[in-house]
Each structure stands twice: as C-alpha cells, then as structure tokens.
Amino acid sequence: MHTAYAELTRHYLRLYRYDHLASIVGWDRNAMMPPKGNEARAAAEAELQALIHRGRTDPRLAELIAAAEAEPLDDVERANLREIRRNWQQANALPEALVEARSLAGARCEHAWRSQRPANDWQGFLENFREVVRLSREEARLLSGHTGLSPYDALMDRFEPGMRAAEIERIFGEVRSWLPGLIARVGEKQRAEPVIAPVGPFPVAAQRALSVAVMRMLGFDFDGGRLDESAHPFSGGVPEDVRLTTRYHEDDFTRALLGTIHETGHARYEQNLPRAWCGQPLGLARSYGIHESQSLSFEMQLARSRGFVGLLAPLLREHFGDQPAFDADNLYRLFTRVKPGYIRIAADEVTYPAHVILRFEIERALIEGEIEAEDIPALWDEKMQALLGLDTRGNYADGCLQDVHWTDGAFGYFPSYTLGAMYAAQWFATLRRVQPDVDGRIAQGDFAPVFGWLNDNIWSQASRWETPELVRRASGEALNPAHFRAHLEARYLGGD
C-alpha cells in the first residue's frame with residue numbers, strides 16, 4: 001500500500017474539485033453573469049483562488065512527496081508524482097496574498113476591458129492594466145527566484161513546461177526569415193483567383209444551428225458540454241463538463257463558424273482525457289501548445305482542407321439558403337484567402353504567426369522591465385507596420401486592446417498559439433505518412449483516422465509524458481518547424 005502516494009492523490013482530487021468550481025464560475029463571469037455582479041464575483045473568485053493556493057502549498061505536502069518518492073510506484077504513478085512535485089514547487093513560490101490580489105486585479109481589468117475596447121479607450125484601460133502588470137512582474141520575480149529562470153521564462157513555463165524564450169526566439173527568427181516572402185508570393189498568386197463573397201445577413205439563430213451541426217459532425221458530446229456566447233471565444237470547464245463560447249457577426253458567418261470549430265478541437269481533447277486519471281495532475285492536458293495543436297488541427301488542418309470544405313457546402317445551403325458563394329471550390333478559396341489584417345483571431349493561417357511574434361516580443365519586454373505599459377501602443381504600431389504593413393496608429397480597439405489575455409495577466413501564453421500550429425502540421429504530416437488515404441476519407445465524411453490517431457497519440461496520453469517525449473512518441477521526431485512551412489507552401493502555393 002503506497003500510503004504517502006495515496007494521501008497525495010486524495011489531496012489533489014480535492015484541489016481538482018475546487019478547480020472545477022473555479023472554472024465554471026469563470027465561465028459564468030464571461031458568458032452569463034450580469035454586469036453588476038462583477039465586483040462581488042471578483043471578490044468571490046479571489047477568495048476561491050486563495051483557498052486553492054492554500055491547498056497547493058499545504059506544508060504536509062513536502063513530507064508526503066518525499067515519502068512517496070521512496071514507495072514502489074509504477075511508471076504511471078511516478079509520472080503523476082512528477083506533476084504533483086512541479087505543481088507544489090510552483091505554488092510555493094507565491095504568497096497567498098499575491099495570488100488573491102492578482103485574481104482580483106485580473107477580474108476587474110477584464111470586466112472593464114469589455115466596454116473599453118469598443119470605446120477605443122486605451123487611457124481608461126491603463127488604469128487597471130498597470131496593476132495587472134505590477135502584480136505579474138512580482139509573480140515573475142518570485143517564480144524566477146524559485147526556479148533560476150528569467151522572469152519571462154518563469155511565467156512561460158506555466159503554459160509550456162520546459163520551453164524557453166531563447167528557443168522561441170530561434171524558432172520565430174526562422175519564421176521571420178521566410179514569412180514575409182511567403183505572404184507576398186501567396187498574395188500575388190491569389191490576385192488571379194477571384195473569390196465570391198457570401199452575401200448576408202446571416203441570422204444568429206441560423207449561425208448557432210450551423211455551429212451545433214458542425215460540432216456534432218466533429219464528435220462533440222453535448223451531454224458533457226455546451227455552447228454559449230462571450231465577448232471573446234474560449235473553452236473552459238473540466239473534462240466532465242466542457243464549456244465553449246463563440247461570438248456571432250450577422251455580416252460574416254465564417255468568424256463564428258471557424259471559431260467554434262477551433263474551440264471544438266480544444267473540447268474534444270478535454271472530453272477524451274483519460275477518466276481513470278481524472279482529478280490528478282497526470283490527467284490534465286500536457287501544455288497549452290499541445291492544447292492549441294488540437295484546436296488548430298480542427299480549425300486549420302481539417303476544416304480548411306478541400307475535403308472538409310466539400311462537406312460544409314451543403315450545410316451552409318441548408319442553414320442560409322443557396323447562393324453562388326457556397327460553391328465548394330469558392331468556399332475553399334474563401335477559407336484559404338490570405339490577407340494581412342488587424343485582428344489576430346480573424347487572421348488566416350499564413351499571416352497568423354506575425355500576430356503571435358508581435359505579442360511575444362512586446363510581452364517579454366514588458367515582463368523583463370525593458371518597457372512600461374504606456375509604451376505598448378507605439379511598439380504595436382511599429383511591429384504591425386514591419387510584420388504586416390498595417391497602420392494601427394490610434395486604433396487601439398483593433399490594436400493592443402483586441403486580446404483578453406493580458407487583462408488577467410496571462411503573460412507567456414501567446415507563443416503557445418504558433419507552437420500549436422507547428423505541432424498540428426507535424427501531426428498531420430505523420431497522419432498522412434501512416435494513413436496515406438486520410439484526405440480521401442475526410443472528403444467522404446469519415447474522420448475516424450484523424451480522431452483515432454489524435455486519441456491514441458495525444459488525447460489518451462494527457463500528461464503521461466513531458467512535452468518533448470510526447471512529441472517524439474507521436475511523430476517519431478522532435479518539434480520540427482519545417483513541417484509547418486511545408487504545409488503552408490503546399491496549401492497556398494501548390495494546392496491542398
């Protein structure tokens with residue numbers, strides 16, 4: 001009987017249940033809560049986060065972890081103990097008062113941002129954002145002292161365990177070397193490929209019905225989750241109760257549809273994490289980059305493929321009526337149109353990395369104290385012009401106010417998006433190697449090869465392996481950004 005290990009698992013199951021409550025409360029704040037409830041909700045969430053932190057830093061855990069190390073554990077139990085130790089070490093770097101204060105400041109900043117963004121009110125946003133930055137820097141300083149990492153690396157390690165900014169800089173530096181040329185070549189090619197724009201309006205009720213139909217086609221379990229609306233699409237909840245949100249625009253159905261498909265990729269990962277490990281750190285998704293690889297496997301690799309677009313065409317006619325834009329070939333050109341734009345979540349997959357590189361460079365400098373919050377708009381303008389040739393001066397709503405991530409201090413998160421795109425390209429390169437008929441089966445509406453491979457290699461593995469080992473076991477090699485470049489060149493220059 002592994003006495004210490006068994007006690008640890010009971011303790012972390014209790015913490016998981018608290019996290020369950022926190023995730024649903026957070027979802028409600030974003031999707032359902034009336035505006036006047038924000039102050040009371042923020043205080044309640046901060047109190048709950050303090051309670052969870054108290055449990056994660058319980059002094060008894062150090063002794064239990066040491067005792068469990070000496071017990072005869074199997075490989076899976078040792079992997080769980082590794083994750084428990086990591087969780088405990090991170091938590092003990094931070095005092096409870098800081099955890100509570102950052103939760104409260106983030107909730108206030110995010111709530112105010114909802115009205116400040118549409119009002120283009122950068123100065124008003126700064127009032128709350130300065131406090132988020134101050135507390136995030138303090139968090140980074142404490143984590144840095146505890147781990148020996150740089151402040152930004154210490155924050156990024158929460159999202160991408162083991163990944164370092166130097167490696168991100170190397171990978172992004174390579175992308176910078178070929179991305180502008182690729183954007184230009186694709187733009188030149190597509191100028192000779194006219195696209196018929198869909199004609200709206202597209203009623204919200206019809207868009208929602210379409211989203212639900214596509215989610216069902218992609219295997220989402222509505223008995224274990226739901227779809228709602230929020231200011232910024234996201235997925236949340238827990239594996240047993242997954243909550244997705246999207247945002248509808250009556251003049252453009254593609255934003256909500258592709259956003260919903262993206263979130264469905266996150267949801268399928270969560271819904272298929274192993275129930276036997278549920279409640280333990282071992283049973284959580286491996287990293288945010290791996291999580292993004294699932295949403296981008298669905299949204300970019302699958303949903304923008306010719307085969308899948310052919311399946312969407314009749315669904316669009318069913319929900320919106322027939323029109324020339326819904327021809328399958330035209331839809332494919334529409335879904336793969338490359339055009340530099342202001343909004344990250346609406347960006348095509350060729351220009352998307354530029355949005356991530358910009359945010360990574362700004363947030364790293366901000367956390368390391370090289371710039372202040374007031375410097376962000378000018379840097380944003382400069383980098384948007386350099387990377388995408390766009391002028392964002394004075395346009396805060398479509399510039400540095402567009403993302404929700406910084407409002408609650410999620411610094412270190414943005415690199416996960418492009419890492420996820422690279423992982424997703426690597427997964428599909430592997431899929432095509434081991435199952436050469438996969439594209440033909442997708443075109444027939446048979447997603448079993450895709451979902452089966454993802455389940456076997458990603459979903460069912462949860463946090464059993466550290467990220468480099470998970471990637472090697474799934475694809476036979478370490479992360480290789482060459483697959484991402486090859487995917488983009490094949491789809492946008494050579495045909496999908």
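Each listed q (0.07, 0.11, 0.12, 0.13 Å⁻¹) maps to a log10 I(q)/I(0) for the chain, found by the Debye formula over equal Cα scatterers with no solvent: -0.37, -0.98, -1.19, -1.42. Computed from phi, the 3J(HN,Hα) profile of region 161-171 under the Karplus parametrisation 6.51, -1.76, 1.60 (θ = phi - 60°) reads x, x, 7, 10, 4, 4, 5, 4, 4, 5, 5 Hz, with x in place of Gly and Pro. For region 70-137, the fraction of 1.4 Å probe accessible surface lying on carbon and sulfur atoms is 49 percent. Against the longest alpha carbon principal axis of the chain, how many degrees, from 0 to 90 and to the nearest 10, is the axis of helix 448-457 turned? Relative to the chain, helix 448-457 is tipped by roughly 20 degrees. Modelled spin labels at Arg141 and Arg247, positioned 7 Å past Cα toward Cβ, are 3.4 nm from each other. Note on His291: accessible area is roughly 30 Å² with a 1.4 Å probe, heavy atoms of protein only. Taking 8 Å as the Cα distance limit and 6 or more residues as the minimum spacing, I'd like the relative contact order of region 1-146 as a percentage. This gives 29 percent for region 1-146. Computed extension length for Glu167-Cys278: 36.8 nm, one decimal, from 0.36 nm per residue of separation with the Cα-Cα distance subtracted.
Annotation: amide H-H contacts under 5 Å for Asp228 (H modelled 1.01 Å from N, sequence separation of 5 or more, or interchain): Leu244, Thr245, Thr246. For Val238, nonlocal amide neighbours, meaning residues 5 or more places apart or on other chains whose placed amide H falls under 5 Å from its own, are Arg243. Take the solvent-accessible surface of the protein heavy atoms, probe 1.4 Å, and return the percent of it on region 271-364 that carbon and sulfur atoms account for. For region 271-364, the apolar C and S fraction of the accessible surface comes to 52 percent.
Computed from phi, the 3J(HN,Hα) profile of region 459-473 under the Karplus parametrisation 6.51, -1.76, 1.60 (θ = phi - 60°) reads 4, 6, 8, 6, 9, 4, 10, 5, 3, x, 6, 4, 5, 5, 5 Hz, with x in place of Gly and Pro. For the residues Tyr396, Tyr248, a 1.4 Å probe over the protein chains yields an accessible-area ranking, largest first, of Tyr396, Tyr248. At Ala40 and Asp437, where each label point lies 7 Å from the Cα along Cα→Cβ, what is the point-to-point distance in nanometres? In this crude label model, Ala40 to Asp437 measures out at 6.0 nm.
With the charge dipole of region 49-160 set up from +1 on Lys and Arg Cβ and -1 on Asp and Glu Cβ about the Cα centre, the Cα lying farthest toward the positive end among the listed residues Ser115, Ala50, His146 is that of Ser115. Classify region 1-92 from the C-alpha gyration tensor, please: rounded if a/c falls under 1.5, else prolate or oblate depending on whether a/b exceeds b/c. Since a/c reaches 1.5 and a/b is larger than b/c, the shape of region 1-92 is classed as prolate. Expressed to the nearest 5 percent, the antiparallel share of DSSP beta bridges inside the chain is 45 percent. For region 260-332, averaging the sequence separation of C-alpha pairs within contact (under 8 Å, six or more residues apart) and dividing by the residue count gives a relative contact order of 29 percent. The dipole here belongs to region 452-496: it is taken about the Cα centre, uses +1 on the Cβ of Lys and Arg and -1 on the Cβ of Asp and Glu, and is about 20 debye.
Evaluating 6.51 cos²θ - 1.76 cosθ + 1.60 at θ = phi - 60° for every residue in region 175-183, the Karplus couplings come out as 4, 4, 6, 10, 5, x, x, 5, 4 Hz, glycine and proline recorded as x. Using C-alpha pairs below 8 Å separated by at least 6 residues, the relative contact order for region 160-496 is 21 percent. For the chain, the solvent-accessible area works out to 40 Å² per residue, with a probe of 1.4 Å and every protein chain left in place. Counting pairwise Cα distances across region 43-164, what percent come out greater than 20 angstrom? Looking at region 43-164, the distances longer than 20 Å represent 56 percent of pairs.
In this rough spin-label picture, where each label sits 7 Å from Cα along the Cβ direction, the Asp329-Glu47 distance is 6.4 nm. Indicate the gyration tensor shape class of region 294-360 (rounded, prolate or oblate), computed on the Cα atoms with a ≥ b ≥ c the square roots of the eigenvalues: a/c under 1.5 is rounded; otherwise a/b larger than b/c is prolate and the rest oblate. Prolate, because a/c is 1.5 or more and a/b exceeds b/c. If only the Cβ of Lys and Arg carry +1 and only the Cβ of Asp and Glu carry -1, the dipole of the chain around its Cα centre is close to 500 debye.
The values are calculated or read from the model by the stated rules, or taken from the named source; none is laboratory data. Since the model is a prediction, treat every value here as computed from it, not as a measurement. Here the Cβ is made from the backbone with ideal geometry for all residues, glycine too, and neighbour counts use every protein chain on show. Side chains included, ligands, DNA and RNA excluded: accessible areas come from the protein's heavy atoms. Shrake-Rupley method; radii C 1.70, N 1.55, O 1.52, S 1.80 Å.
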